[in-house]
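Colleague: Have a look at the structure that comes next, please.
The values are calculated or read from the model by the stated rules, or taken from the named source; none is laboratory data. These numbers come from a predicted model, not from an experiment. Here Cβ is always computed from backbone atoms with ideal geometry, including for glycine, and neighbour counts include all displayed protein chains. Areas reflect the complete protein model, heavy atoms only, side chains present, ligands, DNA and RNA absent. Shrake-Rupley method; radii C 1.70, N 1.55, O 1.52, S 1.80 Å.
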Amino acid sequence: MATAYHNLSDYDFNSVPDASHLRFGIIVSEWNSNITGALLEGAVHTLKKHGAKEENIRVQTVPGSFELTYGAALMMKSHKVDAIIALGCVVRGDTPHFDYVCAGTTQGLTQLNAMGEIPVIYGLITTNDMQQAEDRAGGKLGNKGDECAVAAIKMCNFSKELFAE
């Protein structure tokens, strides 16, 4: 569903499992830090709201969105987290650089998510302009960080339930 028809921060609180026993890694891009900082704030707030402990939320920064894949891969290899949230923001410019960064990052995170042992949540905002990014980082369309935190908790629970059978 298009974000224009759905607030990223709107979800049923009761549909989210308790996160008090889970460990989360958040990889956040330093590029467009006004946006990624707001995404990070939303993700951490939502994780805590669902019981995650401060000491079980590990935040690491990388220079840009393209480096999110490498950061997530290293964090996955550490075996210190139950899920990884990758947060970044790429705003379209005048060159094809936008297309390469978005495609490469998306493919890299998808590959990690499909082949890894823990969920990697895709929190890369790709927009045509800065206003669209602001709208998705706590603005009129909610906060993608909230959505990613909820997805991380739910995917950990999904995995736990599947392997408990």
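Colleague: Could you list, ordered by first residue, the pairs with Cβ atoms under 6 Å in which the first is in segment 152-163 and within 17 Å of residue 20 (Cβ to Cβ) and the second is at pLDDT 85 or above and open to solvent by 40 Å² or more (accessible area, probe 1.4 Å), at least 6 apart or interchain?
Modeller: Close Cβ pairs (under 6 Å, with a partner that is at pLDDT 85 or above and open to solvent by 40 Å² or more (accessible area, probe 1.4 Å)) amount to 156/82.
Colleague: Scanning for something of a type outside the set (Gly, Ala, Ser) and within 19 Å of residue 130 (Cα to Cα), does segment 42-60 turn up at least one residue?
Modeller: Checked against the condition, which is being of a type outside the set (Gly, Ala, Ser) and within 19 Å of residue 130 (Cα to Cα), segment 42-60 yields no hits at all.
Colleague: Let me ask something else about it. Considering each of 42, 88, 71 in turn, give the residue that is modelled with pLDDT of 95 or more, buried (at least 20 other Cβ atoms within 10 Å of the Cβ) and not in a helix (DSSP H, G or I).
Modeller: Just one listed residue meets the conditions, 88.
Colleague: Please specify each residue of segment 45-68 satisfying the condition of being open to solvent by 40 Å² or more (accessible area, probe 1.4 Å) and within 22 Å of residue 126 (Cα to Cα).
Modeller: Those that are open to solvent by 40 Å² or more (accessible area, probe 1.4 Å) and within 22 Å of residue 126 (Cα to Cα): 59, 60, 61, 63, 66, 67.
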